[in-house]
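See structure below.
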Amino acid sequence: MKPLLRTGASALALTLMATLAQAEGKLSIYHWFEYIPQELLDKFAAEYDVEVTMDTFDSNEALLASLKAGRLGDYDVAVPGDYMVEIMAGEGMLDTFSRDEMPNFDNILPEWVDVSFDPGRQSSIPYQWGSTSFSVNRDVYSGDIDTTDIIFNPPEELQGRINVLDTAGETLTLASLHLGIPQCSTDRDELKALNDLVQGAKQHWASFGSDVAKDVLVSGDAAAGMIWNGFGMKAREEGANIEYAYPEQGYIVWMDNVVLLKDAPNRENAIKFMNFLLEPENAAAVTNYARYTAGVAGVEPFLDAEVKSAPELNPPAGGNPVFVQPCSEEVQKVYDTIWTNLKK
């Protein structure tokens with residue numbers, strides 16, 4: 001910025017005009033991997049005469065780290081999970097919009113409008129929601145799987161053949177559910193128990209992997225693994241004889257969201273894209289591809305039959321679904337240390 005400030009007003013105006021001209025007809029997306037059909041991006045590009053580019057990440061933490069490392073301003077929209085929306089807002093990374101800018105805003109299901117992580121939807125729209133648990137190969141293990149012991153105290157048949165998601169938020173939350181302790185605990189004994197649990201369970205894990213969570217179950221390289229429910233459904237559809245678990249100790253639910261990023265180079269196209277995703281047919285296209293659940297009304301006529309009936313997308317009544325909670329900065333440092341030591 002300093003060289004620009006030294007130029008005259010007319011030169012600055014010309015520079016800004018040139019920047020705007022270059023930004024016309026473009027949209028830059030920062031998205032989870034394997035989570036949106038290319039056909040839908042092509043549809044948006046054709047309807048609005050926009051050149052769409054997309055980079056991908058494999059965890060909420062990777063998204064945050066990338067933006068903090070200087071990528072904010074490179075992208076127009078991103079797709080963080082619920083707790084990460086709140087964190088990004090606290091970091092000053094999000095822009096806001098008005099409902100008047102988004103004609104399809106009223107298509108958002110009521111339960112997903114006044115959410116705790118973005119009350120009234122000032123900076124985000126719902127994308128897809130689902131759960132995080134684990135799937136087990138039934139050719140390898142036929143016993144009870146509705147327990148977090150599968151991951152943290154596994155039966156002999158599964159030991160050494162477990163993949164764990166490479167994301168601290170979800171993995172440590174599942175561990176907290178296993179122990180029955182609160183998230184973001186500040187109790188020293190509870191934190192020691194959490195650290196001891198994951199360090200002790202690590203000997204039974206074959207890998208940490210988010211982008212490969214489906215593939216290792218399909219190939220048989222893993223006999224059990226933490227996984228998002230839609231990814232678990234895809235793995236089953238690709239031939240893995242696996243069953244998705246709803247453990248009695250609890251499982252994670254989440255809502256992924258499209259956020260308007262601060263300093264978006266193509267803000268107008270970002271708003272158009274967010275509004276486009278709130279069309280029921282387009283939201284259903286994401287659901288049919290990713291195998292999760294839309295937060296938009298009117299999608300049912302456009303959904304594949306197998307999506308409507310999938311066990312991974314229809315949890316049993318009751319249970320203990322929980323959202324990942326954002327911790328205070330001080331507490332998060334402790335959890336980061338536990339995770340860093342675990343990954344060594």
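The values are calculated or read from the model by the stated rules, or taken from the named source; none is laboratory data. Because the structure is predicted, anything quoted here is derived from the model rather than measured. Here the Cβ positions follow ideal geometry from the backbone for every residue, glycine too, while neighbour counts run over all protein chains shown. All accessible areas refer to the heavy atoms of the entire protein, side chains included, with ligands and DNA or RNA removed. Shrake-Rupley method; radii C 1.70, N 1.55, O 1.52, S 1.80 Å.
In percent, how large is the relative contact order of the chain, given Cα pairs closer than 8 Å and 6 or more residues apart? Write out the running numbers ahead of the final one.
Numbers: 584 pairs, mean separation 93.0, N = 344.
27 percent.
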Next item on the list: Could you calculate the contour length gain from Asn341 to Asn320, that is, 0.36 nm times the residue separation minus the distance between their Cα atoms, to one decimal place in nm?
Entry: 4.7 nm
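Got the relative contact order for the range 91-246 handy, in percent, Cα pairs under 8 Å and 6 or more residues apart? The partial results should precede the final answer.
Details: 198 pairs, mean separation 51.4, N = 156.
Worked out over the range 91-246, it gives 33 percent.
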Check: How far, in degrees from 0 to 90, does helix 9-23 lean away from the longest principal axis of the Cα atoms of the chain, to the nearest 10?
Finding: 50 degrees
Check: Which of the lysines could a cross-linker bridge to Lys333, judged by Cα under 25 Å and excluding same-chain residues fewer than eight apart?
Finding: Lys68, Lys192, Lys202, Lys343, Lys344
Next item on the list: List the residues whose amide H sits under 5 Å from the amide H of Val296, counting only those 5 or more places along or on another chain, with H placed 1.01 Å from N in the peptide plane.
Entry: Leu109
Check: Say R0 is 35 Å: what FRET efficiency, to the nearest 0.05, do Val113 and Glu51 get from their beta-carbon distance?
Finding: 0.65
Next item on the list: Work out how much length Glu190 to Glu281 would gain on full extension: take 0.36 nm times their residue separation and subtract the Cα-Cα distance, in nm to one decimal.
Entry: 28.1 nm
Next item on the list: Just reorder Lys272, Lys68 by solvent-accessible area, largest first, 1.4 Å probe, all chains present.
Entry: Lys68, Lys272
Checklist line | Heavy-atom accessible area per residue - the range 20-83, 1.4 Å, Å² | finding: 45 Å²
Notebook entry, point to check: Residues with amide H under 5 Å of Thr56's amide H, sequence separation 5 or more or different chain, H placed in the peptide plane at 1.01 Å from N; which?
Noted result: His31
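If R0 is 35 Å, what FRET efficiency do you get for Lys308 and Thr147 from their C-beta distance, rounded to 0.05?
Numbers: r = 28 Å, r/R0 = 0.80.
Here the calculated transfer efficiency is 0.80.
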Margin query: In Å², and per residue, what accessible area does the range 231-344 have when probed at 1.4 Å with the other protein chains present?
Written below: 44 Å²
Next item on the list: Starting from the Cα of Arg99, step 7 Å toward the Cβ, then list every residue of the range 277-303 with an amide N under 17 Å from that point.
Entry: 278-279, 296-297
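Just the number: Rg to Rh for the chain, Cα atoms, Kirkwood Rh, two decimals. Show your work: numbers first, answer last.
Values: Rg = 21.4 Å, Rh = 21.4 Å.
Over the Cα atoms of the chain, Rg/Rh equals 1.00.
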Note to self: To test your reading of the geometry: what angle, between 0 and 90 degrees and rounded to tens, separates the Cα axis of helix 188-201 from the longest principal axis of the chain?
What the structure shows: 80 degrees
Notebook entry, point to check: From the phi of every residue in the range 317-333, what ³J(HN,Hα) in whole Hz does the Karplus formula 6.51 cos²θ - 1.76 cosθ + 1.60 yield, where θ is phi - 60° and glycine or proline is x?
Noted result: 4, x, x, 9, x, 9, 8, 5, 9, x, 8, 5, 4, 5, 5, 4, 4
Notebook entry, point to check: Which angle from 0 to 90°, rounded to the nearest 10, does the C-alpha axis of helix 280-290 make with the longest principal axis of the chain?
Noted result: 40 degrees
Next item on the list: Work out from phi, with θ = phi - 60° and the Karplus expression 6.51 cos²θ - 1.76 cosθ + 1.60, the ³J(HN,Hα) of each residue of the range 155-161, listed in order in whole Hz, and give x for Gly and Pro.
Entry: x, 4, 4, 9, 4, x, 10
Next item on the list: Please turn the phi angles of the range 99-109 into ³J(HN,Hα) values with the Karplus equation 6.51 cos²θ - 1.76 cosθ + 1.60 (θ = phi - 60°), one per residue in order, whole Hz, x for glycine and proline.
Entry: 4, 4, 6, 10, x, 8, 4, 5, 6, 5, 4
Notebook entry, point to check: What value, in deg cm²/dmol to 500, does the helix sum -39500 (n - 2.57) over DSSP H runs of n ≥ 4 give at 222 nm once divided by the residues of the chain?
Noted result: -11500 deg cm²/dmol
Next item on the list: Multiply the residue gap between Val140 and Lys68 by 0.36 nm, knock off their C-alpha separation, and tell me the result in nm, one decimal place.
Entry: 21.7 nm
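Going by the alpha-carbon gyration tensor, a ≥ b ≥ c the square roots of its eigenvalues, is the range 129-179 rounded (a/c under 1.5) or, if a/c is not under 1.5, prolate (a/b greater than b/c) versus oblate? Write down the numbers at each step before the final one.
Working: a/c = 1.79, a/b = 1.63, b/c = 1.10.
Taking the square roots of the gyration eigenvalues as a ≥ b ≥ c, the range 129-179 is prolate.
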Next item on the list: For the range 208-266 and the range 83-103, compute the distance between their C-alpha centroids and round to whole Å.
Entry: 25 Å
Notebook entry, point to check: Ignoring any ligand, DNA or RNA, what whole percent of the accessible area of the chain comes from carbon and sulfur when the probe is 1.4 angstrom?
Noted result: 50 percent
